[in-house]
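Below is one structure, written out as structure tokens; comments come after it.
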Amino acid sequence: MTAAPSPRAGGKARPVTPRRRAREFVLQGLYQWQVSGSDEAAIEANLRDSEGFEKADHDFLVGLLRGVLAQHQALQEQLQPCLDRPFGDLSPVEGCVLLAGAFELRNHPQTPYRVVINESIELAKSFGGTDGHKYVNGVLDKLAVRLRPTEVAAGRPAARTSR
């Protein structure tokens with residue numbers, strides 16, 4: 001489960017930041033947890049042995065991984081009203097991307113909601129199904145309105161009024 005650097009509009013690949021790399025490893029760990037039922041220690045040991053691990057933001061990675069694993073039930077419950085099907089019916093990749101994105105929206109207010117959503121979209125594009133990124137975008141956008149209403153309202157254009 002590895003991805004190439006993200007292409008820019010001009011076709012040049014942009015470097016992968018330590019935070020993005022950490023999110024990729026978190027997705028890999030959550031996928032391992034969801035598919036095989038591995039425990040936290042086994043997941044972390046496996047990730048440490050992965051190529052490129054030393055280039056990831058370790059503190060962010062560990063906090064995000066452990067946080068999602070500890071709060072996964074509450075995160076699923078928070079996501080459910082934003083879904084069009086039961087959480088268990090989602091593909092494993094989209095489910096893991098949504099859990100990580102929901103955790104960041106809920107627990108990392110210092111990260112702008114648009115950054116959380118865009119990073120989640122990029123993960124879904126790199127690792128998920130063909131249109132999974134569109135689904136992730138819609139779900140996390142709805143969740144952001146619920147979790148960060150002031151920030152979302154401030155970031156959206158004012159509604160037009162008819163005269």
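Below are the figures for this structure:
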{"quantity": "Inter-residue pairs, beta-carbon under 6 Å, first farther than 24 Å from K125 by Cβ and in region 21-46, second surrounded by 14 or more Cβ atoms within 10 Å (Cβ to Cβ) and of a type in the set (S, T, N, Q), 6+ apart", "calculated": "S38/Q32"}
{"quantity": "Residue that is surrounded by the most Cβ atoms within 10 Å (Cβ to Cβ), among those in region 77-98 that are over 12 Å from V139 (Cβ atoms), of a type outside the set (G, A, S) and touching a helix residue (DSSP H, G or I) at 6+ places or on another chain (Cβ under 8 Å)", "calculated": "C96"}
{"quantity": "Filter result for V16 (at pLDDT below 95 and not in a helix (DSSP H, G or I))", "calculated": "yes"}
{"quantity": "Residue count for region 49-59, restricted to those that are farther than 11 Å from A22 by Cβ and under 20 Å from the mean Cα position of the chain (by Cα)", "calculated": "1"}
{"quantity": "Leading residue by the ranking (surrounded by the most Cβ atoms within 10 Å (Cβ to Cβ)) among those in region 37-54 that are among the aliphatic types (A, V, I, L, M) and under 15 Å from A70 (Cβ atoms)", "calculated": "I43"}
{"quantity": "Some residue of region 74-85 being among the basic types (K, R), modelled with pLDDT of 95 or more and assigned to a helix (DSSP H, G or I)", "calculated": "no"}
{"quantity": "Any hit, region 127-142, residues being more than 13 Å from the chain's Cα centre (by Cα), in a helix (DSSP H, G or I) and aliphatic (A, V, I, L, M)", "calculated": "no"}
{"quantity": "Out of A41, A74, A56, A70, sole residue that is of a type outside the set (D, E, K, R) and touching a helix residue (DSSP H, G or I) at 6+ places or on another chain (Cβ under 6 Å)", "calculated": "A56"}
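The values are calculated or read from the model by the stated rules, or taken from the named source; none is laboratory data. What you see is a predicted model; the values in this text were computed from it and never measured. All Cβ positions, glycine included, derive from the backbone under ideal geometry; neighbour counts span all protein chains shown.
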